[in-house]
Amino acid sequence: MEQVLEMCTKMVQVLWGCFLLWNLYISSAQTIYPGIKARATQRALDYGIQAGMEMIEQMVKKRNIPDLKGSESLEFLKIDYVNYNFKNIKINAFSLPNTSLAFVPGVGIRALINHGTANISTDWEIKSPLFQDTGGADLFLSGVYFTGIVVLAWNDFGHPILKLQNCCARVSHSDVSFSGELSVLYNSFSEPMEKPILKNLNKMLCPIITSEVEALNANLSMLKALRKIDNYTLLDYSLISSPEITENYVDLNLKGVFYPLENLTDTPFSSVPFVLPEHSDSMIYIGISEYFFKSASYAYFTAGAFNVTLTTKEIFNHLIRNSQGLGSMLSQIAELYILSQPFMVKVLATEPPVVNLLPGNFTLDIPASFVIFTQSKNSTAKTIVSMDFVASTNVALAILGQRLICSLSLKSFYLSLPESSRSNTEVLRFENILSSILHFGVLPLANAKLQQGFPLPNPQNISLVNSDIEVLEGFVLISTDLKYKTSLKQQPSFHGWEALNLISGQWRGKPAP
């Protein structure tokens, strides 16, 4: 009996091991490739130093610095001890002339600051067996040095993670100048106090810097990866792998997939890999894959966004600007049918539009059905004609503000009919009617909605400038520089990423940002 139990136990272990191996195999077979790949080059780091100085200046001026406390004996005055406390420490000005950022392959970004200076004001208290007093003082620091590596990683929720490693920070020299009625006396023994002040200050520097990185890291971990685009879709910006870091750049691999607003299910097709070109002239390169646009097409189709119904009034509103097109369309309808009441036009996408990205060419093929029916108040709608068609459109791209804007123009149009029917005069007339309605009615409506654009991920107070868009095979490449602008309403802080405007969970029914 024991042998049988032992055998069953071993079989269970073997089966469980096989199950785990099978899961590992399935997981490896279903590799997820990014829909968006963002690259920051050395030029971005160099500009980050320039922009970072402004941000740090605003940050440190309002940062609360811990009190400096200590006790020193003043032998030359035969005073056993003097207890001092520097509080309300404020950095009024600083200079970091030798600052550099560099990529550490496979790890993160190394920061180096050398020969920095700072002017600090503070209140002080002094207590000794002979006297005690309070007043103000100015502290000048020089020889400020810092080096450390900011490690870039990600967590299971697709959030970026920052950690500080190998922190080394110190100040070489300090000069204390007391103010007040007895300043001459206090300044006479300020030099013996400068050494312990430096000692205490140097102990505090790395913990303060680490605390700032941890505060930023905590803020990043709270960001939601899903962003509501409009009343139809959500966009997933989550990281799918750790940042890829080389000597010249860092790549962030984002999921970059759309979901219907009411149905967060994966698309029925898979992402494919793509490689950004080895360019370095711009600060940032953003690769937007064909998978990104295909998922958008599928999500909008699933949500019913491609279904359009135009009334007689709407048709006139959208076609009246082109009298020739309007007159041609209406005259052809009049020739085919005598309409004694208003009519409506309904265009329904029958399948998700087909996305094609080829060098210099972005097209969208829209399979749809077209229905013209009467609009009667007292009776049911009567269909005049119904047929399927495919409209092929060219897609133009532009960067407007922080958004990628798409616009459609009709490239070609044909009815889905047997070849034997294409010579029919009535069919040809309807092709012209449909083409006019699409060109002057449906596409202007679609372009008006597309003007809202797709938001590009960027942190607060950073705008995209000198942007260029190139359509390559399988993806769109955006090359852009960055520009930092301090907000007048809200000063920059490592804690402030509000401009990302990422949503938490209370998004349903709210308008698009």
Identify the residue in segment 44-70 that is at pLDDT 75 or above and not in a helix (DSSP H, G or I) and, among all such residues, is nearest to LEU252 (Cα to Cα).
-> ILE65
Mind checking whether some residue in segment 135-149 is exposed (fewer than 14 other Cβ atoms within 10 Å of the Cβ), over 30 Å from LEU226 (Cβ atoms) and among the polar types (S, T, N, Q)?
-> no
Filtering segment 212-236 for residues that are small (Gly, Ala, Ser) and either modelled with pLDDT of 85 or more or open to solvent by less than 30 Å² (accessible area, probe 1.4 Å) (or both) leaves a count of 2
Complete set of residues in segment 187-211 that are of a type in the set (Ser, Thr, Tyr), at pLDDT below 85 and surrounded by fewer than 16 Cβ atoms within 10 Å (Cβ to Cβ) = SER188
Would you be able to tell me the number of residues in segment 275-309 that are closer than 30 Å to LEU434 by Cβ, open to solvent by 20 Å² or more (accessible area, probe 1.4 Å) and part of a helix (DSSP H, G or I)?
-> 6
Apart from one, (1) open to solvent by 40 Å² or more (accessible area, probe 1.4 Å); (2) farther than 25 Å from ILE229 by Cα all hold for GLN402; the odd one out is (2)
How many residues are among the charged types (D, E, K, R) and exposed (fewer than 13 other Cβ atoms within 10 Å of the Cβ) if we restrict to segment 237-274?
-> 3
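To keep it simple, each residue is scored yes or no on (1) at pLDDT 90 or above; (2) on the phi > 0 side of the Ramachandran plot; (3) not in a strand (DSSP E or B); (4) not hydrophobic (A, V, I, L, M, F, W, C).
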| residue | (1), (2), (3), (4) |
| --- | --- |
| PHE86 | no, no, no, no |
| ILE89 | no, no, no, no |
| LEU112 | yes, no, no, no |
| THR117 | yes, no, no, yes |
| THR122 | no, no, no, yes |
| LEU130 | no, no, yes, no |
| GLY136 | no, no, no, yes |
| CYS167 | yes, no, no, no |
From the list VAL390, VAL427, pick out the single residue that is open to solvent by less than 40 Å² (accessible area, probe 1.4 Å), modelled with pLDDT under 75 and farther than 20 Å from PHE258 by Cβ.
-> VAL427
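The values are calculated or read from the model by the stated rules, or taken from the named source; none is laboratory data. Quick caveat: nothing in here was measured; it's all calculated off a predicted structure. For neighbour counting, all protein chains shown are included, and Cβ atoms are generated from backbone atoms with ideal geometry for every residue, glycine included. Side chains included, ligands, DNA and RNA excluded: accessible areas come from the protein's heavy atoms. Shrake-Rupley method; radii C 1.70, N 1.55, O 1.52, S 1.80 Å.
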